[in-house]
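The values are calculated or read from the model by the stated rules, or taken from the named source; none is laboratory data. Remember, predicted model here, so these are calculated numbers, not experimental data. Quick reminder, even Gly has a Cβ in these numbers, built from the backbone with ideal geometry, and neighbours come from all protein chains shown.
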Amino acid sequence: MEKNNQPLISVVVPVYGCKTCLAELCDRVKQTIQSIPARYEILLVNDASPDHAWEVITNLHTQDPQVKGIDLTRNFGQHHAITAGLDFTAGDWVVVMDCDLQDRPEEIISLYYKALEGYDVVFAQRMVRQDRSMKKLSSKLFYRIYDYFSGQKSDATIANYSIVSRKVVESYRELREQNRYFPLFIKWIGYKQTKLPVQHDARKEGKSSYHFRKLVVLATDAIVSQSNKPLRLSITVGFLMATLSFIYALYLFTRYFFLAEPVQGWTSVMVSLFFIGGLIFFQFGIIGLYLGKIFNETKNRPIYLIRDVTDANAEKKGDRQ
């Protein structure tokens, strides 16, 4: 097959804190895709990496023009960086993977040929995760919480590593919410999807930025943006509290008028007030979360801002922000 007739595979990599991995990552991706055979482009999205990764990215572009860089103005977050990369892709197929080499570039071959069986989305399934126990535990907790509130069934072995068709990318680009989580968006889009077990490697550099607190924030954002179950749950709790209060009032009424027993005084009243007050503030907090997200969306700010790109023609492709 002539090179111009070969499919183009774009590889989107959000970059944060792993600059020493980038050269090896690009070399392995190139060797893997060329063995398919197919054409390639690698989009390295610098999400304000603290280790000055942009200098490495520009050097890699100088050595190979098919390695392209996008430099965001600040740290917008991994899933915003993925969106920036997807906005600039031109490939018939697009691979999304992390920069720390835990996602093995060699697995792109398996994902690609699985997609050719008739799938628009193929997720890499990490059957044996090479992560610390706390990272695995916090990840499972994240999915448990999300599944409960969203009413969905998630798979903790699946993350960003995947290959998607061009039409999936175009559909994804239509979703411009501020709260973003790549795997959930892809699942929501639909099309024919499957997963494929892959080997998961140990991290080559640094440590995961997804500590427990950040996962809690991510779970909260994902739940609020994808589900209204917390609002419905607060209604249920309020109804139960009103019912229990009414039953308790009948109980006190019966004791006072029929059994001639005095009603308990100040202590029980204050405890009840504090309990109900706390519950009301909790429910106001849930409503406030949703109002805050609505406020952020109505501002209609761009999902990301770009400081620089290595490819002069890349700006023509990124028509959405």
Residue check for T83: among the polar types (S, T, N, Q) and surrounded by 21 or more Cβ atoms within 10 Å (Cβ to Cβ): yes
Qualifying residue in region 86-105 (condition: assigned to a helix (DSSP H, G or I) and under 17 Å from P302 (Cβ atoms)): yes
Filtered residues of region 156-197 (kept if outside any helix (DSSP H, G or I) and of a type in the set (D, E, K, R)): R173, E174, R176, E177, R180, K192, K195
Residues of region 27-51 classified as within 24 Å of the chain's Cα centre (by Cα) and at pLDDT below 90, total: 5
Pairs with Cβ under 7 Å, 6+ apart, first in region 162-174 and in the same structural domain as I189 (by TED's automatic domain parsing), second surrounded by fewer than 17 Cβ atoms within 10 Å (Cβ to Cβ) and not in a strand (DSSP E or B): R166/D92; V168/Y191; R173/R320
Every residue from region 37-79 that is touching a Phe, Trp or Tyr at 6+ places or on another chain (Cβ under 6 Å), outside any strand (DSSP E or B) and not polar (S, T, N, Q): D47, F76, H79
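Could we say that I82 is modelled with pLDDT under 90, within 19 Å of P183 (Cβ to Cβ) and either touching a Ser or Thr at 6+ places or on another chain (Cβ under 9 Å) or β-branched (V, I, T) (or both) here?
Details: modelled with pLDDT under 90: no; within 19 Å of P183 (Cβ to Cβ): yes; either touching a Ser or Thr at 6+ places or on another chain (Cβ under 9 Å) or β-branched (V, I, T) (or both): yes.
Spelling it out, it is not the case that I82 is modelled with pLDDT under 90, within 19 Å of P183 (Cβ to Cβ) and either touching a Ser or Thr at 6+ places or on another chain (Cβ under 9 Å) or β-branched (V, I, T) (or both).
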Looking only at region 35-63, and only at residues there that are touching a residue at least 40 places away in the same chain (Cβ under 8 Å) and of a type in the set (V, I, T), the one that is farthest from T20 (Cα to Cα): I36
